[in-house]
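> Dropping a structure here in C-alpha coordinates format, bear with me for questions.
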Amino acid sequence: MEQYRSLCEKILPIVKAGYTERYPHRSLQEKKYQTDCRKIAQEIARYILPVATFSYLYHTINGVTLLRYYRLCKQFDAPLEQSIVTGKMVEELLRVEPKYKVILEEPLELDEIPECRFFETHYDSGTNVRRFIEEFDGGLEGGSSKLVGYKTANERILADSVREVLGLPTRLSIRIQKRLNMR
(Lines give C-alpha, C1' and ligand atoms only; values in the text may rest on other atoms or scores of the structure.)
Protein backbone atom coordinates (compact mmCIF):
# COMPACT_ATOMS: atom_id res chain seq x y z
CA MET A 1 0.00 0.00 0.00
CA GLU A 2 2.94 2.31 0.67
CA GLN A 3 4.15 1.76 -2.91
CA TYR A 4 0.64 2.55 -4.16
CA ARG A 5 0.56 5.81 -2.18
CA SER A 6 4.05 6.70 -3.38
CA LEU A 7 3.10 6.06 -7.00
CA CYS A 8 -0.02 8.24 -6.57
CA GLU A 9 2.15 11.14 -5.43
CA LYS A 10 4.73 10.62 -8.20
CA ILE A 11 2.19 10.59 -11.03
CA LEU A 12 -0.01 13.40 -9.65
CA PRO A 13 2.03 16.17 -11.37
CA ILE A 14 1.78 14.29 -14.68
CA VAL A 15 -1.98 13.91 -14.25
CA LYS A 16 -2.33 17.62 -13.38
CA ALA A 17 -0.37 18.62 -16.49
CA GLY A 18 -2.54 16.41 -18.69
CA TYR A 19 -5.70 17.67 -17.01
CA THR A 20 -4.68 21.31 -17.54
CA GLU A 21 -3.86 20.60 -21.18
CA ARG A 22 -7.17 18.86 -21.77
CA TYR A 23 -9.27 21.38 -19.80
CA PRO A 24 -7.41 24.71 -20.09
CA HIS A 25 -10.31 26.77 -18.73
CA ARG A 26 -10.48 24.90 -15.43
CA SER A 27 -8.39 26.24 -12.61
CA LEU A 28 -6.47 23.65 -10.60
CA GLN A 29 -6.72 26.06 -7.69
CA GLU A 30 -10.33 24.94 -7.24
CA LYS A 31 -10.76 22.07 -4.81
CA LYS A 32 -13.04 20.11 -7.19
CA TYR A 33 -10.40 19.89 -9.90
CA GLN A 34 -7.68 19.02 -7.38
CA THR A 35 -9.92 16.14 -6.24
CA ASP A 36 -10.52 15.05 -9.84
CA CYS A 37 -6.76 14.90 -10.48
CA ARG A 38 -6.12 12.94 -7.28
CA LYS A 39 -8.83 10.41 -8.20
CA ILE A 40 -7.35 9.97 -11.69
CA ALA A 41 -3.89 9.40 -10.20
CA GLN A 42 -5.31 6.85 -7.76
CA GLU A 43 -7.10 5.03 -10.57
CA ILE A 44 -3.88 4.79 -12.58
CA ALA A 45 -1.84 3.68 -9.55
CA ARG A 46 -4.30 0.87 -8.77
CA TYR A 47 -2.75 -1.18 -11.54
CA ILE A 48 0.19 -2.05 -9.28
CA LEU A 49 -2.06 -3.47 -6.56
CA PRO A 50 -2.55 -7.26 -6.45
CA VAL A 51 -5.94 -8.58 -7.51
CA ALA A 52 -6.75 -9.74 -3.95
CA THR A 53 -6.09 -6.34 -2.34
CA PHE A 54 -8.56 -5.66 0.47
CA SER A 55 -10.90 -2.82 -0.34
CA TYR A 56 -14.19 -1.29 0.69
CA LEU A 57 -17.25 -0.98 -1.52
CA TYR A 58 -19.49 2.00 -0.94
CA HIS A 59 -22.92 1.66 -2.53
CA THR A 60 -25.28 4.49 -1.67
CA ILE A 61 -29.00 3.97 -2.19
CA ASN A 62 -32.18 5.22 -0.61
CA GLY A 63 -34.34 3.12 1.74
CA VAL A 64 -37.01 2.30 -0.82
CA THR A 65 -34.42 1.00 -3.30
CA LEU A 66 -32.90 -1.15 -0.56
CA LEU A 67 -36.29 -2.64 0.20
CA ARG A 68 -36.75 -3.39 -3.50
CA TYR A 69 -33.36 -5.14 -3.54
CA TYR A 70 -34.46 -7.12 -0.50
CA ARG A 71 -37.71 -8.15 -2.15
CA LEU A 72 -35.89 -9.32 -5.26
CA CYS A 73 -32.96 -11.03 -3.55
CA LYS A 74 -34.62 -14.45 -3.61
CA GLN A 75 -35.38 -14.45 -7.29
CA PHE A 76 -34.60 -17.66 -9.05
CA ASP A 77 -31.21 -16.50 -10.37
CA ALA A 78 -30.05 -14.13 -7.59
CA PRO A 79 -26.54 -14.94 -6.30
CA LEU A 80 -26.20 -16.02 -2.66
CA GLU A 81 -23.77 -13.16 -1.95
CA GLN A 82 -26.39 -10.66 -3.11
CA SER A 83 -28.95 -12.08 -0.69
CA ILE A 84 -26.51 -12.03 2.23
CA VAL A 85 -25.33 -8.44 1.63
CA THR A 86 -28.87 -7.18 1.07
CA GLY A 87 -30.09 -8.92 4.22
CA LYS A 88 -27.29 -7.30 6.27
CA MET A 89 -28.11 -3.89 4.79
CA VAL A 90 -31.79 -4.28 5.71
CA GLU A 91 -30.86 -5.37 9.25
CA GLU A 92 -28.77 -2.22 9.64
CA LEU A 93 -31.51 -0.02 8.18
CA LEU A 94 -34.07 -1.45 10.60
CA ARG A 95 -31.65 -1.02 13.50
CA VAL A 96 -31.27 2.68 12.66
CA GLU A 97 -34.87 3.30 11.53
CA PRO A 98 -37.30 0.59 12.71
CA LYS A 99 -40.28 2.33 11.06
CA TYR A 100 -39.20 0.88 7.70
CA LYS A 101 -40.51 -2.48 8.98
CA VAL A 102 -44.03 -1.19 8.23
CA ILE A 103 -43.38 -1.14 4.47
CA LEU A 104 -40.94 -4.05 4.34
CA GLU A 105 -42.17 -6.95 2.24
CA GLU A 106 -40.44 -10.24 2.86
CA PRO A 107 -38.84 -11.78 -0.23
CA LEU A 108 -40.86 -14.43 -2.00
CA GLU A 109 -40.03 -18.01 -1.20
CA LEU A 110 -38.58 -19.87 -4.18
CA ASP A 111 -41.61 -22.12 -4.58
CA GLU A 112 -43.83 -19.01 -4.95
CA ILE A 113 -41.82 -17.61 -7.86
CA PRO A 114 -43.38 -18.42 -11.26
CA GLU A 115 -40.00 -19.17 -12.89
CA CYS A 116 -39.19 -21.74 -10.21
CA ARG A 117 -42.56 -23.48 -10.63
CA PHE A 118 -42.07 -23.42 -14.39
CA PHE A 119 -38.64 -25.05 -14.23
CA GLU A 120 -39.85 -27.66 -11.76
CA THR A 121 -42.72 -28.75 -14.02
CA HIS A 122 -41.64 -28.10 -17.62
CA TYR A 123 -37.90 -28.25 -17.81
CA ASP A 124 -35.62 -31.13 -18.72
CA SER A 125 -32.19 -29.57 -18.30
CA GLY A 126 -29.84 -31.81 -20.30
CA THR A 127 -31.26 -32.11 -23.80
CA ASN A 128 -33.16 -28.82 -23.80
CA VAL A 129 -30.18 -26.76 -22.64
CA ARG A 130 -27.97 -28.20 -25.39
CA ARG A 131 -30.72 -27.64 -27.95
CA PHE A 132 -31.22 -24.02 -26.76
CA ILE A 133 -27.50 -23.25 -26.90
CA GLU A 134 -27.16 -24.69 -30.41
CA GLU A 135 -30.24 -22.78 -31.58
CA PHE A 136 -29.12 -19.51 -29.97
CA ASP A 137 -25.55 -19.74 -31.31
CA GLY A 138 -26.87 -20.70 -34.75
CA GLY A 139 -29.06 -17.60 -34.75
CA LEU A 140 -25.96 -15.43 -34.31
CA GLU A 141 -24.72 -16.71 -37.68
CA GLY A 142 -21.08 -16.83 -36.56
CA GLY A 143 -21.14 -13.46 -34.80
CA SER A 144 -21.00 -12.62 -31.12
CA SER A 145 -24.12 -10.45 -31.23
CA LYS A 146 -26.93 -9.62 -33.59
CA LEU A 147 -28.93 -6.45 -34.17
CA VAL A 148 -32.66 -7.11 -34.34
CA GLY A 149 -35.34 -4.69 -35.47
CA TYR A 150 -38.01 -3.51 -33.10
CA LYS A 151 -40.63 -2.37 -35.59
CA THR A 152 -40.90 -5.58 -37.57
CA ALA A 153 -41.85 -8.91 -36.06
CA ASN A 154 -42.52 -7.45 -32.61
CA GLU A 155 -44.36 -10.55 -31.37
CA ARG A 156 -41.61 -12.91 -32.53
CA ILE A 157 -38.90 -10.78 -30.91
CA LEU A 158 -40.83 -10.68 -27.63
CA ALA A 159 -41.39 -14.44 -27.73
CA ASP A 160 -37.70 -15.02 -28.53
CA SER A 161 -36.74 -12.78 -25.62
CA VAL A 162 -38.88 -14.76 -23.17
CA ARG A 163 -37.49 -18.05 -24.49
CA GLU A 164 -33.92 -16.77 -24.17
CA VAL A 165 -34.47 -15.67 -20.56
CA LEU A 166 -35.87 -19.10 -19.76
CA GLY A 167 -33.26 -20.90 -21.89
CA LEU A 168 -35.86 -22.77 -23.92
CA PRO A 169 -35.42 -24.09 -27.45
CA THR A 170 -38.18 -23.13 -29.90
CA ARG A 171 -39.64 -26.64 -30.21
CA LEU A 172 -40.00 -27.05 -26.44
CA SER A 173 -41.64 -23.64 -26.02
CA ILE A 174 -44.16 -24.53 -28.77
CA ARG A 175 -45.01 -27.79 -26.96
CA ILE A 176 -45.45 -25.92 -23.67
CA GLN A 177 -47.59 -23.29 -25.35
CA LYS A 178 -49.85 -26.01 -26.82
CA ARG A 179 -50.13 -27.64 -23.38
CA LEU A 180 -51.04 -24.32 -21.76
CA ASN A 181 -53.64 -23.56 -24.45
CA MET A 182 -55.29 -26.94 -23.85
CA ARG A 183 -56.06 -26.05 -20.21
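The values are calculated or read from the model by the stated rules, or taken from the named source; none is laboratory data. Keep in mind the model is a prediction, meaning the values are calculated, not measured. Every residue, glycine among them, receives a Cβ derived from its backbone with ideal geometry; neighbour counts consider all protein chains shown. Keep in mind that these areas ignore ligands, DNA and RNA; they rest on the heavy atoms of the full protein, side chains included. Shrake-Rupley method; radii C 1.70, N 1.55, O 1.52, S 1.80 Å.
> Could you give me the residue pairs with C-beta distances under 6 Å whose first residue belongs to the stretch 136-147 and is free of Cβ contacts under 8 Å to residues at least 60 places away in the same chain, whose second residue is open to solvent by less than 100 Å² (accessible area, probe 1.4 Å) wherever it lies, and which are 6+ apart or on separate chains?
Cβ pairs passing all conditions: LYS146/LEU140.
> In addition: Using beta carbons and a limit of 6 Å, which pairs, at least six apart or on different chains, have the first residue in the stretch 93-106 and farther than 10 Å from LEU67 by Cα and the second one open to solvent by 100 Å² or more (accessible area, probe 1.4 Å)?
Between residues of the stretch 93-106 that are farther than 10 Å from LEU67 by Cα and residues that are open to solvent by 100 Å² or more (accessible area, probe 1.4 Å), the close pairs are LEU94/LYS101.
> Kindly indicate whether ALA45 is touching a Leu at 6+ places or on another chain (Cβ under 7 Å) and either open to solvent by 40 Å² or more (accessible area, probe 1.4 Å) or outside any loop (DSSP other than H, G, I, E, B) (or both). Spell out how you get there, then give the answer.
Working: touching a Leu at 6+ places or on another chain (Cβ under 7 Å): yes; either open to solvent by 40 Å² or more (accessible area, probe 1.4 Å) or outside any loop (DSSP other than H, G, I, E, B) (or both): yes.
Yes.
Per-residue answers, yes or no, for (1) touching a residue at least 12 places away in the same chain (Cβ under 8 Å); (2) farther than 29 Å from GLU97 by Cα; (3) among the small types (Gly, Ala, Ser):
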residue: LEU12; (1), (2), (3): yes, yes, no
residue: VAL15; (1), (2), (3): yes, yes, no
residue: ARG22; (1), (2), (3): no, yes, no
residue: TYR58; (1), (2), (3): no, no, no
residue: ILE61; (1), (2), (3): no, no, no
residue: ARG71; (1), (2), (3): yes, no, no
residue: LYS74; (1), (2), (3): yes, no, no
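> While we're here: State all residues of the stretch 93-118 that are modelled with pLDDT of 75 or more, open to solvent by less than 80 Å² (accessible area, probe 1.4 Å) and in a loop (DSSP other than H, G, I, E, B); if no residue qualifies, say none.
GLU97, LEU104
> Conditions first: (1) closer than 30 Å to GLU106 by Cα; (2) in a loop (DSSP other than H, G, I, E, B). LEU67 passes all but one, so which condition is the exception?
Just one mismatch for LEU67, condition (2).
> Can you name the number of the only condition in (1) within 20 Å of ARG5 (Cβ to Cβ); (2) β-branched (Val, Ile, Thr); (3) open to solvent by less than 80 Å² (accessible area, probe 1.4 Å) that VAL64 fails?
With (1) within 20 Å of ARG5 (Cβ to Cβ); (2) β-branched (Val, Ile, Thr); (3) open to solvent by less than 80 Å² (accessible area, probe 1.4 Å) applied to VAL64, the lone miss is (1).
> On to the next question. Kindly establish whether GLU134 is out of contact with any Cys (no Cβ under 8 Å at 6 or more places or on another chain), open to solvent by 80 Å² or more (accessible area, probe 1.4 Å) and modelled with pLDDT under 80. If you could, list the steps in order and put the result at the bottom.
Working: out of contact with any Cys (no Cβ under 8 Å at 6 or more places or on another chain): yes; open to solvent by 80 Å² or more (accessible area, probe 1.4 Å): yes; modelled with pLDDT under 80: no.
No: the conditions fail for GLU134.
> Quick one: which of SER6, SER83 is within 25 Å of LEU166 (Cβ to Cβ), part of a helix (DSSP H, G or I) and among the small types (Gly, Ala, Ser)?
Values: SER6 fails: within 25 Å of LEU166 (Cβ to Cβ).
Step by step, each of SER6, SER83 is checked, and only SER83 is within 25 Å of LEU166 (Cβ to Cβ), part of a helix (DSSP H, G or I) and among the small types (Gly, Ala, Ser).
> Okay, moving on. Which one of these does ASP111 not meet: (1) of a type outside the set (Ser, Thr, Tyr); (2) in contact with a Phe, Trp or Tyr (Cβ under 9 Å, 6 or more places away or on another chain); (3) closer than 30 Å to VAL165 by Cβ?
(2)
> Where residues in the stretch 21-37 are open to solvent by less than 60 Å² (accessible area, probe 1.4 Å) and over 25 Å from THR53 (Cβ atoms), which of them is modelled with the lowest pLDDT?
Here is the first cut: in the stretch 21-37, the residues open to solvent by less than 60 Å² (accessible area, probe 1.4 Å) are 27-28, 33, 35-37.
Of the ones still in play, those that are also over 25 Å from THR53 (Cβ atoms) are 27-28, 33.
Working: SER27: 76, LEU28: 71, TYR33: 86.
Restricting to residues being open to solvent by less than 60 Å² (accessible area, probe 1.4 Å) and over 25 Å from THR53 (Cβ atoms), the top hit is LEU28.
> Mind counting the residues in the stretch 138-156 that are modelled with pLDDT of 80 or more and surrounded by 12 or more Cβ atoms within 10 Å (Cβ to Cβ)?
1
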